[in-house]
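Please read the structure below before turning to the comments.
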Amino acid sequence: MKDIILRGTSNDGGIRFWACTTINIVEEARLIHNTYPVTTAALGRMLTAGSMMGTMLKSENDKITLQINGKGPAGNIIVVSDKTGDVRGYIGNPYVDLPLNEVGKLDVGGAIGKNGLFTVIKDLGLKEPYVGQVPIVNGEIAEDAASYFATSEQVPTAVALGVRVARDGKVDSAGGFIVQVMPGAAEDIIELIEQNVKNIKSVTEVIPLNGAQGIIGEIMKGVEYRIHETQEVSYRCNCNRDRLEKALISIGKKDISEIIAEQGEAELICHFCNKKYLFNKEELQDILKKATQ
Ligand SMILES: [Zn+2]
């Protein structure tokens, strides 16, 4: 079964919602980054949020980056997505092993830490990117993302993100939802949705049974709604040789000369997909010529 994002609105337009399944995305991230269960969940929740927030972008060339760093053992987590909802991610330290938290769940908040910021960067093709930043609420990511929407975008938003890891370490359920209240939404509908969001079983329980559709059925219970779009989403990195070459050029003449003299070649590894790019001596000498400083 492919990962999908469903998007829709209540018939009166007062409520917007997104629901997604991300089992394949998170499992691929686990295999690329060798994450332990708690970091599989941490990176997986970020990827799930990033994928849904990607589909909120307007233009094909827009790009969104989410970053969380709470000074916990997992370090920095970065995910990047675009309008397609395809997403890629990176985690500073995938090898975190923590006891389950007080409610018997993977301690994502403990892995990420609570002393830092949740940051959203939107590259909309303008001179400067848009940057929204909020203090971390609890490091569980869903509440941090909800706080971002409420504070930086002034949109009341409920967010749920879930990743369930099986005994063998594989991802057996993952996904989430985002529900937003638009200006002018009817009070009775808002109350109904708030109640539904409170009542929903964990998204990771709903997904294996009824998928993203099942999540929407629960959050929109009692409200007339329409699904406007269904998008398949996947883990996708768009690194290429050109981009890595630019990165090499940017380190400057002195460092490039040193690499040529000491190693004679350079191997660069993409942080998002682990793809290796080898530059031989001749190529490095060309790159040295292109470097301006
Ligand atoms: Zn890559």
When restricted to E128, E143, the only residue open to solvent by 40 Å² or more (accessible area, probe 1.4 Å), in the same structural domain as I215 (by TED's automatic domain parsing) and in a helix (DSSP H, G or I) is E143
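Listed here are the residues, each with its yes/no results for (1) over 21 Å from the mean Cα position of the chain (by Cα); (2) closer than 30 Å to G8 by Cα.
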{"position": "V181", "(1), (2)": "yes, yes"}
{"position": "Q195", "(1), (2)": "yes, yes"}
{"position": "N199", "(1), (2)": "yes, yes"}
{"position": "V233", "(1), (2)": "no, yes"}
{"position": "K246", "(1), (2)": "yes, no"}
{"position": "G252", "(1), (2)": "yes, no"}
{"position": "D286", "(1), (2)": "yes, no"}
{"position": "K290", "(1), (2)": "yes, no"}
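So if I check each of I256, I287, I219, which one is more than 16 Å from the ligand (Cβ to nearest atom), surrounded by 15 or more Cβ atoms within 10 Å (Cβ to Cβ) and either of a type in the set (K, R) or closer than 20 Å to L161 by Cα (or both)? Steps first, answer last, please.
Numbers: I256 fails: either of a type in the set (K, R) or closer than 20 Å to L161 by Cα (or both); I287 fails: either of a type in the set (K, R) or closer than 20 Å to L161 by Cα (or both).
None of the other options fit; the residue is I219.
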Note on the stretch 259-284: residues surrounded by 13 or more Cβ atoms within 10 Å (Cβ to Cβ), within 16 Å of the ligand (Cβ to nearest atom) and charged (D, E, K, R) are K275
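Determine, yes or no, whether R7 is over 12 Å from G85 (Cα atoms), in contact (Cβ under 8 Å) with a residue 40 or more places away in the chain and not aliphatic (A, V, I, L, M). Walk me through how you get there before you give the answer.
Values: over 12 Å from G85 (Cα atoms): no; in contact (Cβ under 8 Å) with a residue 40 or more places away in the chain: yes; not aliphatic (A, V, I, L, M): yes.
No, not satisfied.
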Among the residues that make up the stretch 221-230, is at least one of them more than 30 Å from I189 (Cα to Cα) and either in contact with a Ser or Thr (Cβ under 8 Å, 6 or more places away or on another chain) or of a type in the set (D, E, K, R) (or both)?
no
Cβ pairs under 8 Å, 6+ apart or interchain, first in the stretch 178-207 and outside the structural domain of M220 (by TED's automatic domain parsing) and open to solvent by less than 30 Å² (accessible area, probe 1.4 Å), second in a loop (DSSP other than H, G, I, E, B) and among the hydrophobic types (A, V, I, L, M, F, W, C), ordered by first then second residue, are none
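The values are calculated or read from the model by the stated rules, or taken from the named source; none is laboratory data. On a predicted model such as this, the values are computed, not experimentally measured, just so you know. All Cβ positions, even for glycine, are placed from backbone atoms using ideal geometry, and neighbour counts span all protein chains on display. To get the accessible areas, we keep the full protein, side chains included, count just its heavy atoms, and leave off ligands, DNA and RNA. Shrake-Rupley method; radii C 1.70, N 1.55, O 1.52, S 1.80 Å.
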